[in-house]
Amino acid sequence: MSLDPLVLEIVLRSLHVTVGALIFSTVIGVPVGTWFALTHFPGKRIFTAFIYTGMGLPPVVVGLVVYLLLSRAGPLGSLDWLFKIEAMILAQTIIATPLIIGVTLSSVLSVEPDLRRQLRALGATRWQTTLSVLYEARFGLIVGLVAGFGSIISEVGAVMLVGGNIEGRTRVLTTAVVLETRRGAFDLALAFGIILLLVALLTNAVLVGLQGRSGRSTP
Amino acid sequence: MSKPSKLYLIVLFTLLLSLTACQTASPTPTATVAPTAEPTAEPTAEPTVEAADAPQTLRLATTTSTDDSGLLDAILPVFEEEFNVTVDVIAVGTGQALELGRNGDVDVVLVHDRAREDAFVAEGHGVARFDVMYNDFIIVGPEADPAGIADSATAVEAFTTIAGAEAVFVSRGDDSGTHGREKSIWALAEIEPAGDWYQSTGQGMGEVLTIANEQQAYTLADRGTYLSRLGENFELVILVEGDDSLLNPYGVIPVNPEKNDSINGPLAEQFVNWLTSVETQELIAGFTINGEPLFFPDSETYRAAQE
């Protein structure tokens, strides 16, 4: 299949939504997850349970809620985000953030607790300690990011609902697969599916590469 | 293990609660379909006792318009009961429905795109095409009618005005029968719609109406789906209707049983006979939404009986 400019445009839009949502969910998720892991407060277990539940949020329900929020009749209707890329990034951010928080939480928790105590004993500030812990947890974080990327780019229900699958504006790889299938153009649907797989494969290859490097550099 | 699982339940419950709260807070654009008490909807009682032999299954590929409107729910139980059959309805666009038939994945198709239906039969995928009924398309848009199409005498004139004003128009863009009709009207108007104002969504009629409503845009809709969406938070009004180029005939085609062994040819034929019979045609005529009929019976048998 030739790389038709229209196809390329859909691929780029998919990446735009995915990377956008991943950046937002990382900016929110990593600090929150780290804070959760390193702080003790009453009700922490309940919060943790919330986060783990959030990791399994049904995307289509998130899409529905975002749709209702952004609808002209909804509370955020004045933003005029519905059926635009902003709405898709918002929905995907909501889907991916609990995932990033959860992965951050567990990878920070898996860092040897003695390390923190030692660092503090050596006179490191709280900030320096946190950064070192995050550095030790980096491998887990990368896995989390890649998993987030994979789940966002392959999500279809929420982006269909809030994006509207509008040609040249909000059509992404997954919604293109749905559309071509509905149209009966199974070969084109399959082609989009293969592109989606290739993008996922490429991401995982990058992950494996990073994994190898981080494995080597870890003492 | 017992402690976390209890916790999990509490969390789940809270989450559900918050979701429900969310839903009631912001008015949902739910369709208020009132499938008027049909005489047909009578004993929808499941497998009757005499069903000693397992019911046969008929796979029907049809368009979203027949299913979304509630017509099939109103009439199919009668067929299912009478012939001890379960009908699996696959509601998709006309393009996919015909493709399903072409691949031999269904027994019968009920669609509305005359040219493609004829091609389907001519290519040997279907046995023959039979008239069933028709409904009509309407051009809907915001009440304010920014492009000023309400006075248009024909659909072509309305489309030309919309394009001239570059008013937002939401297209199905999914090769469905409705999309096919839309394209043919653009062709008659000698316009190739493109630009920011023309939004091709590739979605079903219900979704397209939602999108058009949200954006206060124009669109071409089948009357059935439009009527079924009327209600709270739906503000689009009918601006152009009744033009000949907006009539929408439906045809039923049994799939060629020679395609594969799993196609139930006799049952498909039985279905076609039933669907075009005077009794069923009267059921179709009696199907209304908010008191308005959606489909007008038009089978050969029915037309003959009227004379």
- Partner chain coverage, peptide A:63-71 - average Cβ within 10 angstrom: 4
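Counting only other chains, what is the mean number of Cβ atoms within 10 angstrom of the Cβ of each residue in peptide A:43-50?
Other-chain Cβ atoms within 10 Å of each residue's Cβ, averaged: 3.
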- Query: Mean projection of the alpha-carbon convex hull of the stretch A:1-73 over all orientations, in nm²?
  - Reply: 8.1 nm²
- For B:T288, distant residues with modelled amide H under 5 Å away: B:T36
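Given a Förster distance of 56 angstrom, what is the FRET efficiency for A:L109 paired with B:S262, based on the Cβ-Cβ distance and rounded to 0.05?
Details: r = 54 Å, r/R0 = 0.96.
Approximately 0.55, to the nearest 0.05.
In µm²/s, what is D for the stretch A:5-216 at 25 °C and 0.890 mPa s, where D = kT/(6 pi eta Rh) by Stokes-Einstein and Rh is the Kirkwood radius from Cα pairs? Before the final figure, lay out each step's value.
Details: Rh = 18.7 Å.
Calculated translational D: 131 µm²/s.
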- Note on the structure: For the stretch B:136-246, using Cα atoms only, the Rg and Dmax in Å read 12.2, 37
- Query: If you rank B:D243, B:D174, B:D53, B:D145 by fewest surrounding Cβ atoms within 10 Å, what's the result?
  - Reply: B:D53, B:D145, B:D243, B:D174
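Using helices alone, what [θ] at 222 nm do you get for chain A, with -39,500 (n - 2.57) per DSSP H run of 4 or more residues, divided over all residues and rounded to the nearest 500?
Working: 10 runs with 168 residues, N = 219.
After summing the helix terms and dividing by residue count, I get -25500 deg cm²/dmol.
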- Task: Using only the C-alpha atoms of the protein assembly as shown, find the volume of their convex hull and express it per residue in Å³.
- Result: 209 Å³
- Item | Sequence of A:H40, A:H16, B:H179, B:H112 once ranked by neighbouring C-beta atoms within 10 Å, starting from the fewest | A:H40, A:H16, B:H179, B:H112
- Any aspartates and glutamates whose Cα falls less than 15 Å from that of B:K259, other than same-chain ones fewer than 8 residues away, would be B:E99, B:D105, B:D107, B:E123
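Run through the DSSP bridge list for the stretch B:136-246 and note the antiparallel percent, rounded to the nearest 5.
On the way: 8 of 12 bridges.
Counting only bridges with both partners in the stretch B:136-246, antiparallel ones make up about 65 percent.
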- Looking only at other chains, what is the average number of their beta-carbon atoms within 10 angstrom of each beta-carbon in B:232-240? 1
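We did not get these values from a lab; they are worked out from the coordinates using the rules stated. Note that this is a predicted model, so its numbers are computed, not measured. Cβ atoms come from the backbone with ideal geometry, glycine included; neighbour counts cover every protein chain shown.
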